[in-house]
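The structure under discussion appears below in the form of structure tokens.
The values are calculated or read from the model by the stated rules, or taken from the named source; none is laboratory data. Because the structure is a prediction, the values reported are computed rather than measured. Every residue, glycine as well, gets a Cβ built from its backbone with ideal geometry; the counts of neighbours run over all protein chains shown.
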Amino acid sequence: MTQPSHGGNVYKVARDRRVPVERIVDFSASINPLGTPATGLRAIRSALKQVMHYPDPDCWQLRQVLARQCGIDPEMILVGNGSTELIHLLPLTLAIESALIVGPTFEEYARALIGTGSSVQYIHARREERFRPPIKNILRQLSAKETRFDAVFLCNPNNPTGQVMTRASVCELAEALDRRQAWLIVDEAFIDYCQAHSVVSMLSTYPRMLVLRSLTKFYAMPGLRIGYLAGASKVMDRLKDRQPPWSVNSLAQAASCAMLLDDSYVTRSRTFMENERVRFVQALRSLSGIRVFPSAANFVLMELPVWTSVGEVTDRLASKRLLVRDCSLLPGLNRQMIRVAIRTRKENRRLIAALGICVKKKK
Ligand SMILES: Cc1ncc(COP(=O)(O)O)c(C=O)c1O
């Protein structure tokens, strides 16, 4: 199986361009620009002495903290080496033979499903509707007699469109799937930016709903690898049986416990993003021919003008050490699409200036 082209591969770009990793500004992975919280880094330093032991295979302490925050039992949580590990445990454990993916979206669901022999169908939000979540079409598709799905994968808010489905709509979907004895997997990797729509508190109402979360994005720790799945405890036990032992290391566990309690970081991050997103989107919209789609998260999807080629633009930006995510081959999008993270004010200005030059019409 080939690797999908996720964002964030700063090491490859650094090697290819012969520049140090630190000189690359990564707009291709949507990581909180405020950086890893100092509370987490301090916790790592004091946990260093623990590396002489195996990590806690039950992530006991971390599950207590997560459970308190989610308002659920610790038994309803399984921690993984990033949420990607958990995505890959789902198809076989839940015996998913056929799945519906709400797209255009994160490619790892399809990769996990196809890799284990499941059949995959997509239902795409439409560009003409600014990628509004296609709730009615999903419900219609589910009630079609000729189709039967074991699971629906929904990313909320959705990567890369930035659109969010309301909690009421997700619950409507959960109810429809419950009636059909099928699973609903809701990936809330970016929910920290629009928490009112989280369905984690609804898990006891919908036993066939699973909520996937990641600490990677909001806590700026992609290199540490922590994600978790929340759902019925019996399901978590089954998944844990298939998980490799000690897949979550002690430094990541210690850092996560500390960061999750850092309320000041959470408030600063949300406030920063709310303000900067408005500014950033406005500035992008002022560039000639670029269409910017509205976003509830810390990234935006945009369509470059027809007189440009995405390959050329991303290349020119990379030559200035600005990395953006080429989305032109993602199922459900067209060839002019890129996604960019919202970063610090200064970095965003740099990107906008560079992008402005790339999209200028040649006379
Ligand atoms: C929507 C979504 N879910 C899950 C992941 C995986 O995150 P991680 O494995 O770092 O927790 C990503 C990473 O890009 C993502 O965009």
*Given the conditions (1) in a loop (DSSP other than H, G, I, E, B); (2) closer than 29 Å to V211 by Cα; (3) not hydrophobic (A, V, I, L, M, F, W, C), report the number of the one that R238 does not fulfil.*
(1)
*Does segment 293-310 contain any residue that is without any contact (Cβ under 8 Å) to a residue 60 or more places away in the chain and assigned to a helix (DSSP H, G or I)?*
yes
*Which members of segment 94-145 meet the condition of being aliphatic (A, V, I, L, M), in a loop (DSSP other than H, G, I, E, B) and over 15 Å from P157 (Cα atoms)?*
L94, A95, I96, A144
*Residue satisfying all of: in segment 14-56; within 16 Å of the ligand (Cβ to nearest atom) and of a type in the set (A, V, I, L, M); modelled with the highest pLDDT among these*: I31
*Quick one: would you say M259 is closer than 23 Å to T166 by Cβ and modelled with pLDDT of 95 or more?*
no
*When P207 is evaluated against the numbered criteria (1) under 22 Å from A38 (Cα atoms); (2) out of contact with any helix residue (DSSP H, G or I) (no Cβ under 7 Å at 6 or more places or on another chain); (3) without any contact (Cβ under 8 Å) to a residue 60 or more places away in the chain, which criterion, by number, is the only one it fails?*
(1)
*What single numbered condition from (1) surrounded by fewer than 16 Cβ atoms within 10 Å (Cβ to Cβ); (2) within 16 Å of the ligand (Cβ to nearest atom); (3) part of a loop (DSSP other than H, G, I, E, B) fails to hold for Y11?*
(3)
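Name the residues in segment 180-189 that are in contact with a helix residue (DSSP H, G or I) (Cβ under 9 Å, 6 or more places away or on another chain) and surrounded by fewer than 21 Cβ atoms within 10 Å (Cβ to Cβ), would you? Even if it seems obvious, please write down each step before you answer.
Just the residues of segment 180-189 that are in contact with a helix residue (DSSP H, G or I) (Cβ under 9 Å, 6 or more places away or on another chain), to begin with: 180, 182-189.
Hits for segment 180-189 are R180, A182.
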*So which pairs qualify, if the first residue must be in segment 30-55 and hydroxyl-bearing (S, T, Y), the second must be surrounded by fewer than 19 Cβ atoms within 10 Å (Cβ to Cβ), the Cβ gap must be under 7 Å, and the two must be at least 6 apart or on different chains?*
T39/D262; Y54/W246
_Among residues of segment 94-137, those that are buried (at least 22 other Cβ atoms within 10 Å of the Cβ), in contact with a helix residue (DSSP H, G or I) (Cβ under 9 Å, 6 or more places away or on another chain) and of a type in the set (V, I, T), counted_ = 3
*Has segment 195-211 got at least one residue that is within 21 Å of A341 (Cα to Cα), under 12 Å from the mean Cα position of the chain (by Cα) and not assigned by TED's automatic domain parsing to the domain that holds D26?*
no
*Considering only residues of segment 51-93 that are outside any helix (DSSP H, G or I) and among the hydrophobic types (A, V, I, L, M, F, W, C), which is surrounded by the most Cβ atoms within 10 Å (Cβ to Cβ)?*
V79
*Residues of segment 157-214 being of a type in the set (F, W, Y), within 16 Å of the ligand (Cβ to nearest atom) and in a loop (DSSP other than H, G, I, E, B), which ones?*
F190
_Scan of segment 271-282 for residues that are surrounded by fewer than 17 Cβ atoms within 10 Å (Cβ to Cβ) and more than 17 Å from R350 (Cα to Cα), ordered by number_ = T271, E274, N275
*segment 89-107 residues that are without any contact (Cβ under 8 Å) to a residue 60 or more places away in the chain, paired with ones that are part of a loop (DSSP other than H, G, I, E, B) and among the charged types (D, E, K, R) (beta carbon under 8 Å, 6 or more apart)*: A95/D150; E97/D150; S98/R148; S98/D150; A99/D150
*Would you mind telling me which numbered condition in (1) among the acidic types (D, E); (2) buried (at least 19 other Cβ atoms within 10 Å of the Cβ); (3) under 14 Å from R208 (Cα atoms) D192 fails?*
(3)
*For D150: the one exception among (1) over 20 Å from the mean Cα position of the chain (by Cα); (2) crowded, with 23+ Cβ neighbours inside 10 Å*: (2)
*When Y228 is evaluated against the numbered criteria (1) over 28 Å from M302 (Cα atoms); (2) part of a loop (DSSP other than H, G, I, E, B); (3) within 12 Å of the ligand (Cβ to nearest atom); (4) not aliphatic (A, V, I, L, M), which criterion, by number, is the only one it fails?*
(2)
